[in-house]
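The values are calculated or read from the model by the stated rules, or taken from the named source; none is laboratory data. These numbers were taken from a predicted model, which means no experiment stands behind them. Here Cβ is always computed from backbone atoms with ideal geometry, including for glycine, and neighbour counts include all displayed protein chains.
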Amino acid sequence: MQLIDLDAHWGEIRYEASQIVAREQALKPLLDETVLDRCSFAECLTYRLARKLVNHSTSVKVLHEVFIETFTHEPMILQHVAFDMRAFYERDPACPDALTPLLYFKGFQALVCYRIGHHLWQNGRKELSLYLQSLISETFGVDIHPAAKIGCGILLDHATGFVAGETTVIESNVSILHEVTLGGTGKDRGDRHPKVHSGVLLGAGAKILGNVVIGEGAKVGAGSVVLKDVPPHTSVAGVPAQVIGKASEVSPALGMCQDFEH
């Protein structure tokens, strides 16, 4: 995976912000606070998201410190965020540029905050990571356990109602629509949640339950309930989901095509 030039990426975001301000003065306070008055990509993300998460129990200052500390200690998170941004504007026709998901798309915003929480979890700060998970759920309607492992280049489209349990694994370059559940099937502990391989497209409302594997380049139809492994490059649909044919593309996540080939 070739890394993104974050300085160039940040420059592009600043340019897009300045162009919006020139067209729409009503958005100048938002763009100034979020982008144009900020010194770095990390600071930009921090200012935008900490203010969305803050409530009466937590100060903006505390969240700022947690975000900046995380970006400083684990700069690779910024690469993952940049790849997520790219996924949004390359796959979502409603997204014209890299700045739009940062300002308006809660799926992207929730992913960034999850990445902060995951870093906290991995570094032994589990109580704070669980509290952040709660704030993310309340703010964005997205519930991702901080122990879940999620790659980069993720499109979480619309995002409302998305759930990912503690032992979920999502590889890079996956597209997920709203109301998808990656959940368990009972009260047993241990490895109990789905493993989603790269290139997968999960349709709106799909429920994947248990420690099942969704193979590389597979497609899961909207509203399906998946209870067993899905072979690579196949399409499944129904309740319970059944194989109905081959996936229409090598990587359905990139094409976002909801049609099925039999």
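Some observations on this one:
- When residues in region 171-203 are screened for being in a loop (DSSP other than H, G, I, E, B), free of Cβ contacts under 8 Å to residues at least 40 places away in the same chain and of a type in the set (A, V, I, L, M, F, W, C), 1 of them pass.
- Residues that are over 20 Å from residue 171 (Cβ atoms) and surrounded by 17 or more Cβ atoms within 10 Å (Cβ to Cβ) within region 226-262 comprise just one, 237.
- Given (1) touching a Pro at 6+ places or on another chain (Cβ under 7 Å); (2) modelled with pLDDT under 95, index of the condition residue 128 fails: (1)
- Here residue 131 clears all of (1) closer than 25 Å to residue 50 by Cα; (2) in the same structural domain as residue 247 (by TED's automatic domain parsing); (3) surrounded by fewer than 24 Cβ atoms within 10 Å (Cβ to Cβ) except the condition numbered (2).
- Breaking point among (1) modelled with pLDDT of 95 or more; (2) under 18 Å from residue 139 (Cβ atoms), for residue 80: (2)
- Residue 235 falls short on exactly one of the conditions (1) closer than 20 Å to residue 91 by Cα; (2) over 15 Å from the mean Cα position of the chain (by Cα); (3) in a loop (DSSP other than H, G, I, E, B), and that condition is (3).
- Yes/no for residue 58 being of a type outside the set (A, V, I, L, M, F, W, C) and modelled with pLDDT under 95: yes
- Selection of region 32-56 for residues being surrounded by fewer than 21 Cβ atoms within 10 Å (Cβ to Cβ), in a helix (DSSP H, G or I) and without any contact (Cβ under 8 Å) to a residue 40 or more places away in the chain yields 32, 33, 36, 42, 43, 47, 51.
- Residue selected from region 179-212 under the condition among the hydrophobic types (A, V, I, L, M, F, W, C) and under 16 Å from the mean Cα position of the chain (by Cα), by the criterion surrounded by the fewest Cβ atoms within 10 Å (Cβ to Cβ): 204
- Every listed requirement among (1) assigned by TED's automatic domain parsing to the domain that holds residue 216; (2) of a type outside the set (D, E, K, R); (3) closer than 27 Å to residue 2 by Cβ is met by residue 116 save one, (1).
- Test result for residue 100, surrounded by fewer than 20 Cβ atoms within 10 Å (Cβ to Cβ), at pLDDT 95 or above and under 24 Å from residue 217 (Cα atoms): no
- Yes/no for residue 249 being touching a Cys at 6+ places or on another chain (Cβ under 8 Å), more than 20 Å from residue 161 (Cα to Cα) and outside the structural domain of residue 92 (by TED's automatic domain parsing): yes
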